[in-house]
Amino acid sequence: MNYPEHNWSFLHVNDSHMGTARSYRFRPAINKRWAAIKQQIAGIDADLLLHGGDLTRDGDTHEFEYQQAREDLDTLPFPTFVIPGNMDVGNKHASQNGVKNRWDPKGLGWHDPDLNMTAKRLDLFSNYFGPLQWSFLHRDVRFTGFYAALAGTGLPHEQRFWNMMERLPHLPPAKHHVAVMHYWPFMEHPDEPAWDLTKGDEYDNWYFSIDPPHRQRMWEILKAANVEILFCGHVHTGRPVQIVDNIRLYRTQPAGNTGQLSERWPEADTRFGFHRCDVTNEGIDVKFILGNDQCEEFGTFGPLGHPSVEERDYNIAEEKPPIQPDIDL
Ligand SMILES: [Fe+2]
Ligand SMILES: [Fe+2]
């Protein structure tokens, strides 16, 4: 590296969604795009990698994919710090307006609220990837990761999440604070209303962002903790950095999976890649690095969306023997 000795780098990716041909569905293009990105980041003299969730295609029902993603990340020459995404541990809970089950306003058979995260799945994820939330100091930068979709679940994990969040402003300060979450904290602004998942034109906003009042509580904490950079993925669509309350909010491009909602914003970026963050005396410079393989879809089989376990046909797996869905979710 041609950088002065005191300069150093860290990396960020999200939504690599590694899947398997042994599943009821597979999109080999996603694995191929991620494989190229992983090879690129492995060649960088970085101190660490932050992974912002959705490591897997269907890890919420396939423990096999946790194992596969863990082994994959372990081939990198630096440590990785991981938070879960909804495809790894299940969706944020839908309790708004009393709607808990079988709500499908788009008529796509994508029963998202049926695939709510569970305590067992969160614990299983931790067995492979460590704590669901973490904060540590490295070279005068504080790094914090959390899965904000825990808010509102009522699971014991939610209390642990808030406990860690409430501690953040009181932890030893650092020159910079970088945080990573999976969902977007909000679509456009922290004060936007609660989105109603029962309304077709608000469903996507509900699905991709954090609900009030959790959103505002979390945002106040991030401000009090002097977070300077906040990464979020989940939508698979990059947008220009937005500065809100002195926080640089990066809604990031995906590391393999296809963009969503991109028609909403002229500057939306659905290319695949990762973020290189160079730390100098002047600050942290975040650059999007284009993945070397931007291949189109090919060889895809199985349904899209979020089919329930009962609706899945593992007989169509191209690689045998097919994996089985985990029974005790
Ligand atoms: Fe994703
Ligand atoms: Fe996601």
With the stretch 1-75 reduced to its Cα atoms and the Debye formula applied, log10 I(q)/I(0) at q = 0.15 1/Å amounts to -0.55
The exposure ranking of 58, 293, fewest beta-carbon neighbours within 10 Å first, is 293, 58
Considering only Cα-Cα distances, which of the following residue pairs are longer than 30 Å: 38/223; 38/92; 199/320; 199/287; 38/320? 38/223; 199/320; 199/287
Show me, for the stretch 39-53, the HN-Hα J-couplings you get by feeding each phi into the Karplus relation (A = 6.51, B = -1.76, C = 1.60, θ = phi - 60°), rounded to Hz, glycine and proline as x. 5, 5, 6, 5, x, 9, 7, 9, 7, 6, 10, 9, 10, x, x
In whole Hz, with x marking every Gly and Pro, tabulate ³J(HN,Hα) for the stretch 146-158 from phi via Karplus 6.51 cos²θ - 1.76 cosθ + 1.60, θ = phi - 60°. 7, 10, 5, 5, 5, 4, x, 7, x, 6, x, 5, 5
With each label point set 7 Å from Cα along the Cα-Cβ vector, what nm distance links residue 320 and residue 267? 5.3
Please state the charge dipole magnitude for the chain, taken about the Cα centre, from unit charges on C-beta atoms (+1 on K and R, -1 on D and E), reported in debye and rounded to the nearest 20. 320
Return an integer: the convex hull volume of the alpha-carbon atoms of the stretch 184-273, in Å³ per residue. 94
Can you find, among 31, 75, 222, the residue sitting farthest towards the positive end of the charge dipole of the chain, where Lys and Arg contribute +1 and Asp and Glu -1 at Cβ? 222
What is the Å³ per residue value for the convex hull set by the Cα atoms of the stretch 288-329? 159
Using the Kirkwood radius over Cα pairs, work out the Stokes-Einstein diffusion coefficient for the chain at 20 °C and 1.002 mPa s, in µm²/s as a whole number. 107
With no solvent and one equal point scatterer placed on each C-alpha of the stretch 154-235, evaluate the Debye formula and give log10 I(q)/I(0) for q = 0.20 Å⁻¹, two decimals. -0.99
Sort 323, 243, 316 so that the residue with the fewest other Cβ atoms within 10 Å of its own Cβ comes first and the one with the most comes last. 243, 316, 323
Hey, can you grab everything whose amide H is under 5 Å from the amide H of residue 180? Only 5+ residues off in sequence or another chain; H modelled, so Pro and N-termini drop out. 144, 145, 146, 231
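Computed from the coordinates by the stated procedures, all read-outs in this text should not be read as laboratory data. These figures come from a predicted structure and were not determined experimentally. Cβ atoms come from the backbone with ideal geometry, glycine included; neighbour counts cover every protein chain shown.
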